[in-house]
Every structure is written in C-alpha cells, then in structure tokens.
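Here the structure is laid out as structure tokens; the discussion comes afterwards.
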Amino acid sequence: MDLLAADDSPPDLALVDWNMPEMNGLEFVTAVRADPKYRAMTLMMVTTEGEQSQIVRALAAGAHEYVIKPFTPDAIVEKLALLGLVPNGAVA
Amino acid sequence: MNERHGPTDADLLTIAEQVWTSYLDVDGMSPLVPVPAEKPSLDVSASVSMTGAWRGHVVVRCSAAAARNAAAALLGVELDDVTTEDVTDALGELANIIGGNVKSLLPEPCALSLPHVLIHGESGYPHVVEVCRLSGTWREESVTISVLESALVVERTE
C-alpha cells in the first residue's frame, strides 16, 4: 500500500498473490477497495491458493479475477481480454 | 486400518509436469525426467510449510546449476545475468507453486507459509516422515521434490 500511495498515477492492474509478507492478498484487496482513489484499478488474484472458500472471499472483497498457479501467459491474456484490458485480438 | 490422506508419487509427478510445462519447459524441449530415487543434491533447498488439518513441508532440492536454469526460465533473464537474489526468488516461487498444488490434495483447512530458501545447505525437518518424492533430472541436473509430513501427527492418528 505504501508503494501505491507513493505513486501519483495508480496502475490500471495489480496482480496479487495470496501469500505475501507484511500483508496478505485478501488484506491488500480489501484495503485497495476501501480507498476511492483506486476505484478504477483492476485486481487479479494470481496464487497457488485454490480453496473454494478463499476464491469466494477474494472475489467478495473486490478482486475481479482469480487465477491459480501454475498458469500460462495465454491464460492471463485471456482473463485480461475478458476484463477489457487488452484487445480480444491479443488472445492467441 | 487408518486411512491416510495425502499426495502420492504420481500426484507429485503430475504437479511437476504442470509446473514445468507452464514455466520451465514451455517449448517442451527439456522436461523433468523422473529417475530412480537418489540422494538429493543439497546445493539449493527451497521449502514451504503447512499447518492446520495437515502439517508438514514441501521441499524442492536441486543443484546450483539447475537452480540458475530455473531462475533464468522463470524470470525470463539470460543465464549469465542470473543473480543469487534471482535464484532465491525463483526457487522460493517454485516451492510456493508446487506446495500450493500439493495443498489442494490435502484436507482443509491448511495454511501455507511463505517460502524459505537456503543456498549451500539444508534446513532441518525434525520429526517428519517422507510421504512421497519425485527424483528427476532436468537439463542433466538433479532435482528432487519431497513431501514431508509431521511424524507427530502421523503417530497420533495411527
């Protein structure tokens, strides 16, 4: 969150792992969603954590997508296309 | 007889194949080739631990050369440019991914730790039993993946 706060122009997209030092992914998503400054930011969970309860909690907290590792680059691009962040033509 | 839940050698191979296909062998030219169990290389050891309904560790051990190759492939950098920090990041992520997939085969709920990476040494895992292992060679270098369950829990359930 400190890195985000230090940036005048927030990123359009954040890829968020569940297991991180300092703050876990769910806490990060919750904090970002609570701040109107980041309302437009797309949040994609990219993690090894695949329990259904975790997926539900992350999406309920405000994550737009949930990708379980391992993943291929094409899978990420496909998700980004669904979110309108890359043109559909970018999907192989 | 007590019914044990946990991953098997075959599960570990399936997980490793998915990881290699996604990150370390994208072009299909250098897969991880299983070999008969051998003494694991101890150059680099990366592990994640699990607590909760199942307690134990998933440990990835490999040679220094395999670790550098993994870092180059995973981070998309030239082999000559790989740093020690790259090796630590890459092997930790490898242990995290494999551990997370092992976790999906275990009873819930379980919590996965952050990865721990040791170069030129190995962490001690007291009171554990190895429940499955995958020994292999990748680009002619040794790679071993082990799942270790806390023996204290095993004893209590038997």
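Here are a few things to note about the model shown:
- Dipole check for the protein assembly as shown: with +1 at the C-beta of Lys and Arg, -1 at the C-beta of Asp and Glu, and the Cα centre as origin, the magnitude is about 640 Debye.
- Charged neighbours of A:Glu49, selected by a Cβ distance under 15 Å, balance to -3 (K, R count +1; D, E count -1).
- Loop trypsin sites (Lys or Arg not before Pro), region A:1-76, which have at most 10 other Cβ atoms in a 10 Å radius of their Cβ (DSSP): A:Arg39
- Restricting the GluC sites (Glu not before Pro) of chain A to loop positions (DSSP other than H, G, I, E, B) with no more than 12 neighbouring Cβ atoms within 10 Å leaves A:Glu22.
- Global form of chain A, assessed from the alpha-carbon gyration tensor, a/c cut-off 1.5: oblate
- Region B:99-113-region B:42-81 distance, computed between alpha-carbon centres (Å): 18
- Chain B, helix-only ellipticity at 222 nm - DSSP H runs n ≥ 4, -39,500 (n - 2.57), divided by all residues, nearest 500: -10000 deg cm²/dmol
- Cα-only Debye scattering, region B:38-150: base-10 log of I(q)/I(0) at q = 0.12, 0.14, 0.18 Å⁻¹: -0.39, -0.53, -0.84
- Fraction of beta bridges assigned by DSSP in the protein assembly as shown that are antiparallel (%, nearest 5): 80
- Counted by Cβ distance under 13 Å from A:Ala58, the other residues give a net charge of -3, where Lys and Arg count +1 and Asp and Glu count -1.
- Over region B:1-132, relative contact order from alpha-carbon pairs under 8 Å, at least 6 apart, %: 34
- Cross-link partners of A:Lys69 among lysines (Cα-Cα below 29 Å; sequence separation of 8 or more within a chain): A:Lys79, B:Lys39, B:Lys103
- The percentage of C-alpha pairs in the protein assembly as shown whose separation is greater than 27 Å is 41%.
- Among the GluC sites (Glu not before Pro) in region B:1-66, those located in a DSSP loop and surrounded by at most 13 other Cβ atoms within 10 Å of their own Cβ are B:Glu3, B:Glu38.
All of the numbers you see were taken from the coordinates with simple rules; none came from a lab. Here the structure is a predicted model, which means the values were calculated and not measured. Quick reminder, even Gly has a Cβ in these numbers, built from the backbone with ideal geometry, and neighbours come from all protein chains shown.
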